[in-house]
Amino acid sequence: MLTSMTGFGEARGVLALGNARIELRAVNNRHLKVTMKLPPPLETIEPELDRLVRSMVKRGTLTVSVRLDRPKTAEDYRLNLTALASYRDQLRQLAARDEETARHFVVPWDGLLRLPGVVEDGRAAELGDLSHHEHDGGEAQEASLWNEFQPLCIEALERFQADRRREGSRMATALRELAEAIGTRVEEVVALAPRVADAYRDRLLERSRVWLEQVGVTLELRDIAREVALFADRCDITEELARLRAHLVQFHHLVTHPSERDEPCGRALEFLVQEIGREINTLGAKANDLEITRHVLTMKNLLESIRELIQNIE
């Protein structure tokens, strides 16, 4: 099954550090680029997470975001008494400069509580302490953290891959339909090709007859036959049609059975589309026929739609 380079997957779970949520988002890219956004306690497991992601994803720009929350408790919010006392004393000193203001001065506690640094988030401080603790704990603690976090990562990656495969399945259906439409035009060109030389011979005979009657000169048929043979050789598209048929068969096989390859087939499809485009362009250049030219233009439009789709295939 084809796999899209774009996709989304997430997983949630409860870890010793708190409630964790991991998200994976990807867009298309010719190569693989992985960006990690991890909170401080999980920064130490970034290499393991990167290796896991790269073992399952081969192309695309992938962003891995992890959010870690601990349930709120009363202990999570603390007053910084040092900062609060500093603000209070500075206000009292300011009020003391004026005797009338000093007599009626009342400490505005509600206003002081809104000032920066007075109320501290204990959860953020705790996560920072955990990060330092992990760095000081050595490989054993890092391994323990990764063993706890790994199942959640695998769950998110599996959902991410399932989303990409669903999108890939829809693209595979569209690609097969477009390729079949090109194949239909190819067979119509195959039927029209033999008449190109015949039509040229008839036009040449008619024009020669009219011209010879006007000038009173005779022309042997073997001269006309030689000219028609040269034209037929220049306009022969038998080889191009044979290669185009073979490319379309290979394209259908890649789209239908991508799992037979050891690596993603996106690059192979890109190369094959280039070859198909080259043969179609040659058909348009060699076939000196209006109806064949119309089919060639249709094939080019269909191939452009294919090219846009495969830009998003891994």
### Message
As an exercise, use a Förster radius of 30 Å and the Cβ-Cβ distance of T184 and N28 to find the FRET efficiency, rounded to the nearest 0.05.
### Response
0.55
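Express in nm, to one decimal, how much length is gained between R70 and R51 on full extension, taking 0.36 nm for each residue of separation and deducting their alpha carbon distance.
Working: separation 19, 0.36 × 19 = 6.84 nm, distance 2.72 nm.
Residue separation times 0.36 nm, minus the Cα-Cα distance, leaves 4.1 nm.
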### Query
Roughly speaking, what is the centre-to-centre gap between the stretch 31-65 and the stretch 157-188 when only Cα atoms are used, to the nearest Å?
28 Å
### Task
Work out from phi, with θ = phi - 60° and the Karplus expression 6.51 cos²θ - 1.76 cosθ + 1.60, the ³J(HN,Hα) of each residue of the stretch 306-314, listed in order in whole Hz, and give x for Gly and Pro.
4, 4, 5, 5, 6, 5, 10, 9, 5
## Note on the structure
Between K37 and L115, the FRET efficiency computed from the C-beta separation at R0 = 22 Å comes out, to the nearest 0.05, as 0.10
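Could you sort the peptides 279-290, 84-95, 57-68 by per-residue average Cβ neighbour count (10 Å cutoff), highest mean leading?
57-68, 279-290, 84-95
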### Task
Would you kindly derive the ³J(HN,Hα) couplings of the stretch 33-45 from the backbone phi angles with the Karplus curve 6.51 cos²θ - 1.76 cosθ + 1.60 (θ = phi - 60°), listing them in order in whole Hz, with x for Gly and Pro?
10, 10, 10, 9, 10, 10, x, x, x, 9, 4, 6, 9
### Summary
Under 5 Å from the placed amide H of K33, counting only residues 5+ away or on other chains, we find G60, T61, L62
### Message
Could you order the peptides 180-190, 26-36 from most to least packed, using the average number of other C-beta atoms within 10 Å per residue?
### Response
180-190, 26-36
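Could you give the length gained on full extension between R243 and I154, defined as 0.36 nm per residue of separation minus the Cα-Cα distance, in nm?
27.7 nm
Values quoted throughout were computed directly from the atomic coordinates according to the rules given, and no laboratory measurement underlies them. These numbers come from a predicted model, not from an experiment. Quick reminder, even Gly has a Cβ in these numbers, built from the backbone with ideal geometry, and neighbours come from all protein chains shown.
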